[in-house]
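Worksheet for the structure shown next.
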Amino acid sequence: MDLEKIREAAERVARSEGLEIFDVEWKVGKQRFLRVSIDRVPKSGARMTDAAGTVLAGTEAREGGELGVSHADCQRVSQQLSVILDVEELIPGPGYILEVSSPGMDRPLRKPAEYERFRGRMAKISTAEPVEDEKYFEGRLAGFVDGKVRLELKGKVARTVELPLEKIRKANLMVEF
């Protein structure tokens, strides 16, 4: 089985729906399982803002539609991709489960553009080695500059920390209500 060919097929379908592929996973256990995560294509240079230009965070941004992948989006991609997988015989042998979903509200952050796209949102970031004597950070994303993620930290003394992208082990958005 060629996961890259499956990814290419998924990308064709997603593009036709105005979406993009976030991730493709293949797992074999009791059942064979293909998980495809789709995402809304960000508007070029756009950030989630209200009519006054204030950057939105949390629920306000989601309601604005910038982040949302709908159930209908997942259903359309699933139906189209399933046909392609079967017709092109991209998954050999009988029986597999196809799941198409969004990256979720606590989505991982992987690319520099995502740190810019979600500027203003809360994030949890851990680093492989200490930065300013710490390895775990929670704060509001303040963008991506010169290969570093800027994060505004709250606390007794508010400060902004710059985390080199190559030192980030794991980064996720935080759910805000």
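A short reminder: the numbers here are calculations on the coordinates, not readings from a lab. The model shown is predicted, which means the values in this text are computed figures rather than measured ones. Glycine gets a Cβ as well: all are built from the backbone with ideal geometry, and neighbour counts include every protein chain shown.
Just want the ordering: VAL24, VAL13, from fewest to most Cβ atoms lying within 10 Å of their own Cβ.
So the residues, fewest neighbours to most, are VAL24, VAL13.
Quick check on the exposure proxy: order ILE6, ILE84, ILE97 from fewest to most C-beta atoms within 10 angstrom.
ILE97, ILE84, ILE6
What is the spin-label model distance, in nm, from ASP86 to GLU176 if the labels are put 7 Å beyond Cα along the C-beta direction?
4.4 nm
Please arrange TYR96, TYR115, TYR136 by counting, for each residue, the other beta carbons lying within 10 Å of its beta carbon, fewest first.
By the 10 Å Cβ count, ascending: TYR136, TYR96, TYR115.
Run the helix sum for the chain: -39,500 (n - 2.57) per DSSP H stretch of 4+ residues, divided by residue count, reported at 222 nm to the nearest 500 deg cm²/dmol.
Per the formula, -7500 deg cm²/dmol.
Please go through the range 78-155 and write out the GluC sites (Glu not before Pro) that DSSP classes as loop and that have at most 15 other C-beta atoms within 10 Å.
Qualifying residues, ordered by number: GLU88, GLU89, GLU132.
To test your reading of the geometry: what angle, between 0 and 90 degrees and rounded to tens, separates the Cα axis of helix 3-16 from the longest principal axis of the chain?
Relative to the chain, helix 3-16 is tipped by roughly 80 degrees.
Angle check, please: helix 71-87 long axis (alpha carbons) against the longest principal axis of the chain (alpha carbons), in degrees 0 to 90, nearest 10.
It is inclined by approximately 40 degrees.
At what distance in nm do the modelled label points of LEU165 and TRP26 sit from each other, each positioned 7 Å from its Cα along Cα→Cβ?
With each label placed 7 Å out from Cα toward Cβ, I get 2.8 nm.
As a test of understanding, state the convex hull volume per residue of the chain from its alpha carbons, in Å³.
153 Å³
Taking K and R as +1 and D and E as -1, what net charge do the other residues with C-beta under 14 Å from the C-beta of ILE6 add up to?
-4
Given the C-alpha atoms of the range 70-134, compute the convex hull and give its volume per residue in Å³.
165 Å³
Pairs of alpha-carbon atoms within less than 8 angstrom and 6+ residues apart define the contacts here; what relative contact order does the chain have, in percent?
Answer for the chain is 20 percent.
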